[in-house]
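The values are calculated or read from the model by the stated rules, or taken from the named source; none is laboratory data. What you see is a predicted model; the values in this text were computed from it and never measured. Because the Cβ atoms are built from the backbone with ideal geometry, glycine has one as well, and the counts that use them run over all protein chains shown.
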Amino acid sequence: PNTIRRRLAIEMGATQSWYKYVGLDGKVLGIDTFGASAPAQTVINNYGFTVENVVKLVGEL
């Protein structure tokens with residue numbers, strides 16, 4: 001709905017298709033670089049897919 005302006009999309013892949021859903025006031029957390037090779041938790045932490053970072057991003061909306 002147009003009345004919901006603060007939106008956060010989380011995608012462990014390319015972000016480009018999510019901007020139409022979050023709108024001008026939203027944010028997208030994703031990966032727009034060519035992959036990484038490491039244990040899963042290391043990659044998750046390095047790309048910011050942590051609870052702490054998601055909470056921070058929501059607070060910035």
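Among the aliphatic types (A, V, I, L, M), surrounded by fewer than 10 Cβ atoms within 10 Å (Cβ to Cβ) and over 14 Å from residue 60 (Cα atoms): does that describe residue 36?
For residue 36, the condition - among the aliphatic types (A, V, I, L, M), surrounded by fewer than 10 Cβ atoms within 10 Å (Cβ to Cβ) and over 14 Å from residue 60 (Cα atoms) - is not met.
Among the residues that make up the stretch 41-61, is at least one of them in contact with a Ser or Thr (Cβ under 6 Å, 6 or more places away or on another chain) and within 26 Å of residue 2 (Cα to Cα)? Spell out the reasoning first.
As a first pass, look at the stretch 41-61 and keep what is in contact with a Ser or Thr (Cβ under 6 Å, 6 or more places away or on another chain): none.
Looking through the stretch 41-61, none of the residues is in contact with a Ser or Thr (Cβ under 6 Å, 6 or more places away or on another chain) and within 26 Å of residue 2 (Cα to Cα).
Can you tell me which residue is modelled with the highest pLDDT among those in the stretch 1-33 that are aliphatic (A, V, I, L, M) and exposed (fewer than 12 other Cβ atoms within 10 Å of the Cβ)?
Keep residues of the stretch 1-33 that are aliphatic (A, V, I, L, M), which gives 4, 8-10, 12, 14, 22, 24, 28-29, 31.
Of the ones still in play, those that are also exposed (fewer than 12 other Cβ atoms within 10 Å of the Cβ) are 4, 12, 24.
Numbers: 4: 83, 12: 92, 24: 89.
Checking each candidate, the answer is 12.
Return the residue satisfying two criteria in turn: it lies in the stretch 51-61 and is hydrophobic (A, V, I, L, M, F, W, C) and touching a strand residue (DSSP E or B) at 6+ places or on another chain (Cβ under 9 Å), and of such residues it is modelled with the lowest pLDDT.
That would be 61.
Looking at 23, 48 in this structure, which one is touching a strand residue (DSSP E or B) at 6+ places or on another chain (Cβ under 7 Å) and either at positive phi or of a type in the set (D, E, K, R) (or both)? Explain how you work it out, then say what you get.
Numbers: 23 fails: touching a strand residue (DSSP E or B) at 6+ places or on another chain (Cβ under 7 Å).
After applying the criteria, what remains is 48.
Which condition number in (1) out of contact with any Leu (no Cβ under 7 Å at 6 or more places or on another chain); (2) surrounded by 14 or more Cβ atoms within 10 Å (Cβ to Cβ); (3) of a type in the set (A, V, I, L, M, F, W, C) is the one that residue 51 fails?
Among (1) out of contact with any Leu (no Cβ under 7 Å at 6 or more places or on another chain); (2) surrounded by 14 or more Cβ atoms within 10 Å (Cβ to Cβ); (3) of a type in the set (A, V, I, L, M, F, W, C), the lone unmet condition for residue 51 is (2).
Among the residues of the stretch 34-61, which ones are free of Cβ contacts under 8 Å to residues at least 24 places away in the same chain and among the acidic types (Asp, Glu)?
Hit for the stretch 34-61 is 52, nothing else.
Working only within the stretch 37-53, note down all residues that are assigned to a helix (DSSP H, G or I) and under 13 Å from residue 12 (Cα atoms). Walk me through it before giving the result.
As a first pass, look at the stretch 37-53 and keep what is assigned to a helix (DSSP H, G or I): 40-46, 51-53.
If the condition is that a residue be assigned to a helix (DSSP H, G or I) and under 13 Å from residue 12 (Cα atoms), then 40, 41, 43, 44, 45, 46 are the ones that fit.
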